[in-house]
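The values are calculated or read from the model by the stated rules, or taken from the named source; none is laboratory data. This is a predicted model, so every value here is computed, not measured. FYI the Cβ positions are ideal-geometry reconstructions off the backbone, even for glycines, and counts take in every protein chain you see. Note: accessible area is taken over every heavy atom of the protein model, side chains too, but ligands, DNA and RNA are not part of it. Shrake-Rupley method; radii C 1.70, N 1.55, O 1.52, S 1.80 Å.
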Amino acid sequence: MSKINEHVDKLLQELRRGTITIGALSQLYEPQYGYSLVTTLKEKGVQVEPGTLYPLLRRLEKQGLLESQWDTSETRPRKYYLLSQTGKEVLDLLRVEWQNIARSMNVLMEEETNEDGDD
């Protein structure tokens with residue numbers, strides 16, 4: 001692997017880490033278990049490995065952003081996660097910040113594109 005690819009891979013990993021958190025929270029207004037959330041995110045274009053998502057869900061629950069409940073009515077028990085009230089409030093603030101960051105980054109990227117075209 002080239003040095004450039006190594007740098008890009010590391011930077012993309014850092015970038016995705018925060019976006020996966022926001023993405024997961026945004027899908028938990030309705031209860032979901034881990035694998036269903038992996039599938040939902042994938043269908044919406046966000047790739048996340050179960051080995052990444054499960055620890056994230058446990059951490060968010062520990063932080064009070066998610067509530068969970070076991071469903072033992074099926075053959076295989078499943079732990080369902082849902083946004084807590086605090087989680088909803090945090091997600092609302094994160095959504096506003098995300099939109100601000102995306103808007104600012106779009107301006108920066110458009111400036112870069114315009115500067116490249118001036119040569």
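Filter the range 26-48 down to the residues that are part of a helix (DSSP H, G or I) and touching a strand residue (DSSP E or B) at 6+ places or on another chain (Cβ under 8 Å), then identify the one that is surrounded by the fewest Cβ atoms within 10 Å (Cβ to Cβ). So that I can check it myself, show each step before the final result.
Start the filter on the range 26-48 by keeping residues that are part of a helix (DSSP H, G or I), which leaves 26, 34-43.
Checking the rest, the ones that are also touching a strand residue (DSSP E or B) at 6+ places or on another chain (Cβ under 8 Å) come to 34, 37, 40.
Numbers: G34: 18, L37: 22, T40: 16.
Per the criteria, the residue is T40.
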Need the failing condition index for W70 against (1) closer than 27 Å to A102 by Cβ; (2) surrounded by fewer than 16 Cβ atoms within 10 Å (Cβ to Cβ); (3) hydrophobic (A, V, I, L, M, F, W, C), just the number.
(1)
Log entry, pairs with first residue in the range 1-21 being touching a residue at least 24 places away in the same chain (Cβ under 8 Å), second being surrounded by 10 or more Cβ atoms within 10 Å (Cβ to Cβ) and outside any helix (DSSP H, G or I), beta carbons closer than 8 Å, six or more apart or on different chains, reads T19/V46; I20/V46; I20/V48
Which listed residue is modelled with pLDDT of 95 or more, open to solvent by less than 60 Å² (accessible area, probe 1.4 Å) and either closer than 17 Å to E89 by Cα or part of a helix (DSSP H, G or I) (or both), from G23, G18
G23
Is there any pair with a first residue in the range 27-50 that is within 22 Å of S84 (Cα to Cα) and a second that is surrounded by 12 or more Cβ atoms within 10 Å (Cβ to Cβ) and of a type in the set (D, E, K, R) whose Cβ atoms are under 7 Å apart and which are 6 or more apart or on different chains, and what are they?
Y33/R78; Y33/K79
Residue among K88, K79 that is more than 25 Å from Q13 (Cα to Cα), in a helix (DSSP H, G or I), at pLDDT 95 or above and of a type in the set (D, E, K, R):
K88
Are any of the residues in the range 1-11 under 13 Å from the mean Cα position of the chain (by Cα), among the hydroxyl-bearing types (S, T, Y) and on the phi < 0 side of the Ramachandran plot?
no
Of (1) in contact (Cβ under 8 Å) with a residue 40 or more places away in the chain; (2) open to solvent by 70 Å² or more (accessible area, probe 1.4 Å); (3) in contact with a Ser or Thr (Cβ under 6 Å, 6 or more places away or on another chain), Y81 satisfies every one except (2)
Just the residues that are open to solvent by less than 60 Å² (accessible area, probe 1.4 Å) and in contact with a Gly (Cβ under 7 Å, 6 or more places away or on another chain), please, taken from the range 49-59.
P50, L53, L57
